[in-house]
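Step one of this worksheet: look at the structure below.
The values are calculated or read from the model by the stated rules, or taken from the named source; none is laboratory data. Values in this document were obtained by computation on a predicted structure and should not be read as measured data. For neighbour counting, all protein chains shown are included, and Cβ atoms are generated from backbone atoms with ideal geometry for every residue, glycine included. What goes into the accessible areas is simple: the full protein's heavy atoms, side chains included, and nothing from ligands, DNA or RNA. Shrake-Rupley method; radii C 1.70, N 1.55, O 1.52, S 1.80 Å.
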Amino acid sequence: MKVTIVGAGNVGATCADVISYRGIASEVVVLDIKEGFAEGKAMDIMQCATNTGFNTRVTGITNDYSKTANSDVVVITSGIPRKPGMTREELIGINAGIVKSVVENVLAHSPNTIVVVVSNPMDTMTYLALKATGLPKNRIIGMGGALDSSRFKYYLSKALDKPSNDISAMVIGGHGDTTMIPLTRLASYNGIPVSEFLSQEQLDKVAADTMVGGATLTGLLGTSAWYAPGASVAYLVDSILNDQKKMIACSVMLEGEYGQNDICIGVPCIIGKNGIEQIVDIKLNEAEKAAFAKSADAVRNMNADLKSVLA
């Protein structure tokens, strides 16, 4: 199993590190445009092998896509990170050109690969990758909901004072501070609705904290987070390579599901060896439907800025 990660920054390097020490793939290639950067990150990770016991081979390369050939999964993290005060929407002009070039280059050497898009604004970059390549929608996956859901579980675990691994919760909608929808109604602690333990006021606070989870970290760190994003990508890649059929919220092209068409946005999906194997169309209540429609409108407005790139 071979995974290529394009972009050796904090998220890409963390993803490579997690994939390696968990033994998710036998080979990881990290590619970056900065001379020696990916090579250094790969060497650093490989020097952990004797202490952590992994056998994955990690290689760093500078802008030579031929070394990515025959990758089973390609993860695209390249692009500039979000800086304090910067919205994901402001990243479109810069990152769209980068993502389009990257996806074309990787497909030239790995035509059968599954592409996982991490670059922000993630839903719009996923839509761009799909439209620019013409690939079937199961092979282009936006990783946003997995990260947002992990943050949702974190805030629920804090409110409940219970382990996050005992909590089941999901975030759907756009991967943005004002567009994501934490489904508090469906969240549970060991199968029991969290509403049995938390008041509506507490649940509202958890949802609000989740929605600004990324911005909160950006404000504290001075740049985008990387540990949870990198681990979330590895979790998604694991489900693909090992055909785990996990249900993960991902950004995928909708064709009538949730009342939407021609848009990539976060919904629960079954993830396996073919990428998106099923879109799970859960029954939303009226308030959730309205929130999802509003989220889709916001994502669609961002997509409108891609016309020049896709021309």
Report the one residue of Thr210, Gly191, Ala13 whose Cα lies farthest in the direction of the positive end of the charge dipole of the chain (charges on C-beta: Lys and Arg +1, Asp and Glu -1; origin at the Cα centre). Ala13
What distance in nm separates the simple spin-label points at Ile192 and Gln244, each placed 7 Å from Cα in the Cβ direction? 2.7
Provide, in order from the shortest bin, the percent of all Cα-Cα pairs of the chain in each 10 Å bin, continuing until the bin that contains the maximum pair distance. 6, 29, 36, 22, 6, 0
Kindly report, to the nearest 10 Å², the accessible surface of Tyr235 as traced by a 1.4 Å probe over protein heavy atoms only. 90
Gyration tensor verdict on the stretch 135-186 (Cα atoms; rounded if a/c is under 1.5, prolate if a/b is larger than b/c, oblate otherwise): prolate
How large, in percent, is the carbon and sulfur part of the accessible surface of the chain at a probe radius of 1.4 Å? 51
For every helix of n ≥ 4 consecutive DSSP H residues, a contribution of -39,500 (n - 2.57) applies; sum these over the chain, divide by its total residues, and give [θ] at 222 nm rounded to the nearest 500 deg cm²/dmol. -13000 deg cm²/dmol
Cross-link pairs beyond the 30 Å C-alpha cut-off, checked among Lys100/Lys205; Lys131/Lys153; Lys67/Lys137; Lys100/Lys158: Lys100/Lys205; Lys131/Lys153; Lys100/Lys158
Need the list of aspartates and glutamates near Lys41 for cross-linking: C-alpha distance under 19 angstrom, and skip anything on the same chain fewer than eight residues off. Asp17, Glu27, Asp32, Asp64
Would you mind telling me which residue in Lys289, Lys246, Lys137 has the biggest mean-square fluctuation in a Gaussian network model of the chain, where springs connect alpha carbons within a distance under 10 angstrom? Lys289
Measure nothing fancy, just the Cα-based angle from helix 145-160's long axis to the longest principal axis of the chain, in degrees from 0 to 90, nearest 10. 50
How many nm separate the modelled label positions at Asp64 and Leu310, each set 7 Å beyond the Cα in the direction of the Cβ? 3.6
With every protein chain kept in place and a 1.4 Å probe, the chain has an accessible area per residue in Å² of 43
Note down the relative contact order for the stretch 160-311 as a percent, whole number, built from C-alpha pairs under 8 angstrom at least six residues apart. 21
Assuming a ≥ b ≥ c are the square roots of the Cα gyration tensor eigenvalues, decide whether the stretch 153-311 counts as rounded (a/c under 1.5), prolate (otherwise, with a/b larger than b/c) or oblate. rounded
Most to least accessible of Phe37, Phe152 (protein chains only, probe 1.4 Å): Phe37, Phe152
Of Gly53, Gln244, Val116, farthest towards positive along the dipole that unit charges on Lys, Arg, Asp, Glu beta carbons give the chain: Gly53
